[in-house]
Amino acid sequence: MLRGARSEPGAAHEELERLGLIRDHDVRPPRSALAAIASSHEAAAVRARETAEVLAAAYAEHGAKEVDFVEVLKDADEVISAFEEMQSQAKTEIRALDPGSYLSPQPEASPAQPPALARGVGYRVVYESALLQTELGFASVQESIAVGEQARTFPGVPLKLVIADSDRALIAVPTVTGGNVVALLIHPSVLLSALIELFEAFWRMAVSITPGSPHDSQQEPTTATRRLMALLSAGLTDESIARELGVSERTVHRRVSRLQQLLGAQTRFQLGVQVSRRGWL
């Protein structure tokens, strides 16, 4: 290394000139030259600190926006108010998963729904299937369907979720101690996109709820229904089932159609899925 430095005296000379220690082949006093070097480094340090402060402010602003997509609502009245406001401000669609109300034993129709439907806002709701097994729950769902809601049912709906357009979502959960509700209001973010996908997945799996009598649902499954579904699950044709039960094929078809309507199944396959989920077999 030392030999290399000696073999290139021109490079060393150029470096001394760059540092201000030599000018026009004359050696300058090192104190003034080094002071100038120190001043330039101090100026660079000031610029670096200023740049760091600007970047820190930008990062803080960016970080604040990242956390701002979630608001925590801790009061039940605040949760209900946010739910009503989402419906009143919606422009195209309300989507919801409803496992039942955390604020009362039975689901309750929202007073904000009819005006929103009248404005042309669509409603798609997936209800916990257990809600349809009570007269009050069934009546509440039927009331919503009557005013224009599209309703489906699925067992084991995991959380209470409301999505307004694609702008906001509300997740409500009961507190550990009970008697109150904590909710998260989600603004546009990756989390909101994931919640929308979650709803759409449940909507695809759920089956439609059609108008009917709650008494029909409460009386099922009868022994005759269990036997009919066992024969259907075994893959027998309507003719074979009719022969086994000692009834006409028309009667078999009518009973199957009634069960499909009762459970919101559009096909016999969906009927089998619903019957299996409810433990009717």
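FYI, it's all coordinate maths here, none of it is from the lab. The model shown is predicted, which means the values in this text are computed figures rather than measured ones.
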Legend entry - All-pairs alpha carbon distance profile, region 223-278, 5 Å steps from 0, percent: 4, 21, 34, 27, 12, 2
Inset, instruction - Answer rounded, prolate or oblate for region 70-208, using the Cα gyration tensor with square roots of eigenvalues a ≥ b ≥ c: rounded when a/c is under 1.5, else prolate when a/b is larger than b/c, else oblate. - result: rounded
Inset, instruction - Mind listing the long-range amide H neighbours of residue 100? Cut-off is under 5 Å, sequence gap 5 or more, other chains count too, H placed in the peptide plane at 1.01 Å from N. - result: 128
